[in-house]
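The structure appears right after this line, and notes come after that.
Read the figures in this text as sums done on the coordinates, not as results from a lab. Worth saying up front: this structure is predicted, and the values here are computed from it rather than measured. Note: ideal-geometry Cβ built from the backbone for every residue, glycine included; neighbour counts use all protein chains shown.
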Amino acid sequence: MLHHIIAVSASGITLFAKEYIKSNTKVDMLGGLITAMQSFAVLRTGLSVTYIEMRTLGVAITQNQSVTIVASVDVTDGPDLARLIASEVLRAFMHRYARELDQARTASADTFASFGNEVPEIIRRSVRPVLDHLASQRGVVLALLTAGQGNGILYSTQEVDRISVLAHHSRVIDLAAEVAAAKNDIPLALTLKNDKTTVSLCRVERSSLIIVTKNQLKADECQKEIDDGVALVRKLLVISANLSGQLN
């Protein structure tokens, strides 16, 4: 679960701070501490701090010349999730506030206050680099994630016939549900295999992650990447759904 998102200017001013799980930490006072810690790390080692693991929290830090983003999650969620959220939040923050940061108009926290409303969607769309990574693996032809109840496509690594894909997806899910219901069960994953390729469909929250792979000898390595991708996508969608519920 996501605990905090903090944006800090190059001078150490906290531009944006949002706490998603209540704690005794004063997140709006961490800007100066983070800047001092980064300066000390660079001075002593020549390298910036990118990830800190504590007893209950994993804290990722990513930065450019204008702003530093800090994202903290449950330590059990791992560094990959924390770093991904931090990097995607940094990208979105720079896109939204590039002019304000360039002109150093950072005196008022109100300038950045509305950014909190964008965080759930930023995290939801963080599935894109995960799917891009999957598609870059040897043997993976396509990675696609449906949106919501399967009525749309959130992201696909290749152009597809959306109408055809969604129609077939809906029918396959319905048939799988019928078969599973006969055994008082529900379908969580499906595998369809032909001579050349295999289609894996994994139910992730209310979405489906569809991955097409070539049939190959190193199928175990490919499956490991798929399993890791499914786990990361699931965490992102759960966090996004939880945050959206908090805003409503």
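Gain on full extension, evaluated as 0.36 nm per residue between Thr76 and Ser114 minus their Cα-Cα distance, stands at 10.7 nm.
With a simple spin-label model that places each label point 7 Å from the Cα along the Cα-to-Cβ direction, the separation between Val238 and Ala10 comes to 3.9 nm.
Inter-label distance, Gln65 to Arg96: 2.4 nm, where each label sits 7 Å from its Cα along the C-beta direction.
Which residue fluctuates most in the GNM of the chain (Cα springs below 10 Å): Ile210, Ile186, Ile85? Comparing Ile210, Ile186, Ile85 in a Gaussian network model of the chain, the most mobile one is Ile186. Each residue of segment 173-178 is assigned a 3J(HN,Hα), and the resulting list reads 4, 4, 5, 5, 5, 5 Hz, derived from the Karplus form 6.51 cos²θ - 1.76 cosθ + 1.60 (θ = phi - 60°), x at Gly and Pro. About the centre of its Cα atoms, the chain shows a dipole size close to 100 debye [charges on the beta carbon of Lys, Arg (+1) and Asp, Glu (-1) only; nearest 20 debye]. The stretch between Gln158 and Ala177 holds 4.1 nm of extra length on full extension. This uses 0.36 nm per residue minus the Cα-Cα distance.
Annotation: lysines with alpha-carbon distance below 18 angstrom to Lys18 (same-chain offsets under eight excluded): Lys26. Scalar couplings 3J(HN,Hα) for segment 146-160, obtained by applying the Karplus form with A = 6.51, B = -1.76, C = 1.60 to θ = phi - 60°, are 7, 9, x, 8, x, 8, x, 10, 6, 6, 9, 7, 9, 5, 9 Hz; x denotes Gly and Pro.
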